[in-house]
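The values are calculated or read from the model by the stated rules, or taken from the named source; none is laboratory data. Keep in mind it's a predicted model, so treat the numbers as computed, not measured. Please note: Cβ atoms are built from the backbone with ideal geometry, for glycine as well, and neighbour counts cover all protein chains shown.
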Amino acid sequence: METIAEPGTAEQARSTAPAVELTGISKRYGATRALSDVSVSIPAGQTHGLVGRNGAGKSTLVRIISGMETADTGSVRFFGEPAPAASAVSEWQDIVACVYQRPSLFSNLTVAENMYISRYPAGAARGISWKQMNRDSDNVLQEWGIDVSPKSLLSEVPIEQRQMVQIARALDSGSRIILLDEPTVQLDGGATARLFAKLEELKQRGVTFVLVSHFLKEIEEACDGATVLRDGKLLWSRSASKITQDELVEAVLAGQEKKIFRIGAAATGDSTVAPRLKLDAVSDSKGAFTDVSLEIAPGELVAVAGLGGSGKYDLGEAIVGLRKLVGGSVTIDGKPFTGTSVFDALAHGIGYVPADRHADGYIPELSVDENMTMSIMDTISVAGFFSPKKRKELSRGLISDVSLVPPNPDLEVTGLSGGNQQKVVLARALARDPKLLVLISPTAGVDIAAKNTIYELIGKALERGVSVLLISDEIEEILISSRVLVMTKGRFVADLNEPTEEEVIRAIEGMESK
Amino acid sequence: MNDTLTKSGPSVLGIIGKNLRDLSVLPGLVLVIVVGAFVSTTFLAVPNLTLILRQSAELGIVVIGLTFILITSKMDISLESTVGLAPMAAAWLMVSPAMGGLGTEIGPFWGIVVTLAIGAAIGLINGLLVVKAGLDSFIVSLAMLILLRGVTLGISQGRTLSSLPEAYIYLGTAKWAGIPAAIWVTAILFVAAGLILKYNRWGRALYAIGGNADAARAAGIRVDRVLITAFVAASALAAFAGMVLAGRLYSVTSGMGENLIFSALASAVIGGITLAGGKGRIFGALLGVLLLGVLTNVLTLAGVPTFWINAVYGLVILLALFLGRFAGGKPARS
């Protein structure tokens with residue numbers, strides 16, 4: 001449904017037309033409505049923020065603007081002209097470029113090669129002319145004031161500069177609209193400031209940026225306007241006036257009046273009981289967190305929130321023995337734990353659900369029963385040999401405990417839905433009757449039904465006196481806990497009791513509480 | 001994703017397909033046997049069949065060890081040099097100086113101990129270099145292949161050591177119930193390996209590591225330890241194969257085991273053991289070994305000119321892989 005520009009007026013329109021104009025964009029994936037009727041207008045030469053929680057539709061919108069997906073309905077116009085046909089990928093890329101979270105660059109090649117990889121300049125005898133390539137790329141980098149040597153290997157260039165290389169490549173191929181997807185996740189404060197200073201400079205020269213970020217403070221500081229999405233719908237979009245961080249927090253929260261669903265009672269504060277888990281000033285060898293202290297009582301649930309890169313995942317991995325600690329001590333029920341592997345952690349009664357089930361959770365080629373019982377094989381083996389019958393019996397018990405659908409122990413895990421894959425991983429953590437569960441984002445990418453089952457299972461474990469450390473990116477998940485610790489740059493900065501969503505977001509973003 | 005709507009698990013077709021992958025060697029094997037029967041009347045005679053099995057025994061034992069390693073998605077091509085070095089070192093210590101020995105003249109029992117210990121030690125070194133030093137297993141084992149072959153040549157001075165003690169070559173020469181002991185032993189080892197890979201924690205851990213090493217670690221499997229023991233087991237098996245081979249040859253030659261790894265890799269991969277790890281069964285590898293054994297025999301019986309045997313051999317391996325690719329539905333590599 002693309003509107004056709006009237007000929008003759010195109011030139012005229014270009015001067016005032018918005019860089020990006022989306023009208024009535026809708027997109028479905030199967031039964032899921034990713035975007036419905038979203039209209040956004042982004043003036044040329046501005047930096048525009050794109051805000052929303054996980055699953056609000058930001059990435060779908062980014063994919064539609066960058067031409068990687070076609071909207072079901074609605075139109076996309078750039079500088080007043082209809083977007084190229086969906087098939088004309090390279091034409092589209094000449095208008096809009098996307099700089100991803102994980103840079104799509106080759107770290108083993110030089111800066112110049114990265115810029116010209118798809119269009120090497122030909123030299124004598126049709127070979128590659130390195131001389132010309134280095135000269136060309138030097139020209140482009142200088143033209144845009146980007147201080148990188150074309151001959152250096154990309155792996156030797158700082159991360160924020162790598163993003164600049166990507167931007168330079170895009171500018172060189174004519175793109176004047178650049179999408180930045182969470183560009184600062186891996187950057188420290190100084191690098192972030194340098195990146196934004198550069199963006200500001202390029203903006204003055206007419207480049208339009210669309211910035212997707214979880215860091216609301218960045219949106220406030222760097223953007224001239226913003227669009228807030230919620231559940232695939234447009235909440236508001238502004239480009240004329242400055243936006244404040246308070247407004248953004250409010251917008252992200254809007255419509256969230258629903259009751260917070262908490263599981264597990266607040267800690268009784270009974271000091272006569274030894275803590276189940278006690279961290280005493282622990283630091284990790286890579287500096288992801290420093291001097292972290294924490295106590296969890298038996299049967300207590302504690303959640304840890306924080307932005308990406310805050311060190312919260314590293315903390316969880318360290319407790320289960322996957323990271324080397326360089327200081328402090330970990331005690332379980334008063335006994336020191338110095339294990340260096342999940343094997344040791346299991347022996348000390350720690351169950352573990354890793355952050356990314358695809359990367360670390362299950363073995364795709366193996367069956368449900370084998371994945372579930374992997375951590376308790378020693379209990380059903382004699383001299384290393386086990387009875388498959390016994391394993392199947394055990395796994396049938398676990399399958400019914402976690403209400404796996406379908407309840408078939410012989411399936412390969414890859415054949416299950418995301419929610420059920422996660423139940424398999426949780427079942428494995430529960431199989432050994434742990435005293436402490438370390439759960440990292442246990443409901444990430446999981447549907448509502450499975451999410452509720454998982455929360456129920458956590459609740460039941462708490463009732464049995466199991467302690468739970470829940471580490472997550474999703475506020476909704478964090479809020480199931482009465483006690484929420486907030487981590488920033490490897491340290492706990494807040495210890496909240498029954499907080500509201502706003503209190504958690506403010507603590508995470510480092511804002512004053514109201 | 002919806003909880004009630006699960007993607008199709010392994011369907012009936014999927015299960016057949018999976019087993020076909022192992023059995024995809026069968027048509028090829030049958031074909032070679034049929035061709036063999038036409039080529040020569042002696043082919044199907046019991047002595048010839050026994051000969052084929054006897055000649056495949058050493059390859060089979062090496063393939064068992066190699067399978068352990070391939071399932072974890074690692075590689076060890078130095079196994080063929082271990083086949084040569086371990087019995088050579090033992091023979092060097094056993095035989096008299098007049099026959100090229102060192103002069104220690106240790107007994108056959110200690111000879112066997114030395115053989116297996118050297119195998120285990122080589123596996124330990126390979127394992128530590130791969131696991132603890134983080135080196136690539138292909139390159140480590142390539143270097144070890146050259147190094148161990150060099151040591152074998154060095155201690156033997158290129159000579160063949162013979163007059164080995166009876167007891168040392170017993171398994172390679174004796175017959176049990178009219179069938180060479182080496183065939184019995186190899187069969188027992190295959191059965192044991194099959195049981196270990198299916199019903200043993202260590203065996204299942206090999207699959208878990210090959211499937212997703214990070215997930216295996218997060219599930220509490222001691223990945224490093226399992227990997228190192230897999231290298232140790234494979235090299236000890238290779239050393240044992242060398243001892244059995246020494247029995248067949250009544251001597252230890254300095255070139256023993258040379259090029260064996262190519263047949264071993266071909267057997268394993270034809271049999272459905274993927275280089276990417278996490279998949280494959282020992283039965284498939286056994287069929288792969290048999291295919292190559294029968295093939296060599298048929299090519300000889302058919303009177304294929306000696307200089308052309310390797311070319312035909314290679315061609316048939318390619319055909320077998322090709323066949324497996326379509327029977328299994330997926331490339332044997334991935």
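Annotations for the structure displayed:
- Tally, over segment B:144-171, of residues that are surrounded by 14 or more Cβ atoms within 10 Å (Cβ to Cβ) and part of a helix (DSSP H, G or I): 12
- Checked against the criteria, A:V425 does not count as within 11 Å of chain B (Cβ to nearest Cβ), over 30 Å from A:K335 (Cβ atoms) and hydrophobic (A, V, I, L, M, F, W, C).
- Residue check: A:V382 meets all listed conditions (1) in contact (Cβ under 8 Å) with a residue 12 or more places away in the chain; (2) more than 7 Å from every other protein chain (Cβ to nearest Cβ) but one, namely (1).
- Residue among A:E218, A:E200 that alone is under 15 Å from A:G45 (Cβ atoms) and part of a helix (DSSP H, G or I): A:E200
- Counted residues, segment B:109-126 - those being more than 14 Å from B:A89 (Cβ to Cβ) and surrounded by fewer than 21 Cβ atoms within 10 Å (Cβ to Cβ): 3
- For A:T373: the one exception among (1) closer than 21 Å to A:P442 by Cβ; (2) of a type in the set (S, T, Y); (3) within 7 Å of chain B (Cβ to nearest Cβ): (3)
- Restricting segment A:183-232 to residues that are of a type in the set (S, T, N, Q) and over 23 Å from A:A19 (Cα atoms), the residue that is modelled with the lowest pLDDT: A:Q186
- Filtering segment A:393-420 to residues that are in contact with a helix residue (DSSP H, G or I) (Cβ under 6 Å, 6 or more places away or on another chain) and either closer than 21 Å to A:A449 by Cβ or at the interface with chain B (Cβ under 8 Å from one of its Cβ atoms) (or both) leaves A:L398, A:V402, A:S403, A:L404, A:V405, A:P407, A:P409, A:L411, A:V413, A:G419.
- Residue among A:I332, A:I380 that is modelled with pLDDT under 95, closer than 21 Å to A:V282 by Cβ and over 27 Å from the mean Cα position of the chain (by Cα): A:I332
- In summary, helices (runs of 4 or more DSSP H) completely within segment A:438-514 and bearing 3 or more residues that are among the aliphatic types (A, V, I, L, M) occur at A:448-463, A:501-509.
- Taken over segment B:201-225, the criterion of being under 16 Å from A:T379 (Cβ atoms) and either of a type in the set (V, I, T) or more than 7 Å from chain A (Cβ to nearest Cβ) (or both) is satisfied by B:A205, B:I221.
- Sole exception among (1) charged (D, E, K, R); (2) more than 18 Å from the chain's Cα centre (by Cα); (3) at pLDDT below 95 for B:R225, by number: (3)
- Matching option when the condition is facing chain B (nearest Cβ under 10 Å), among the small types (G, A, S) and within 15 Å of A:R432 (Cβ to Cβ), among A:A345, A:A355, A:A359: A:A345
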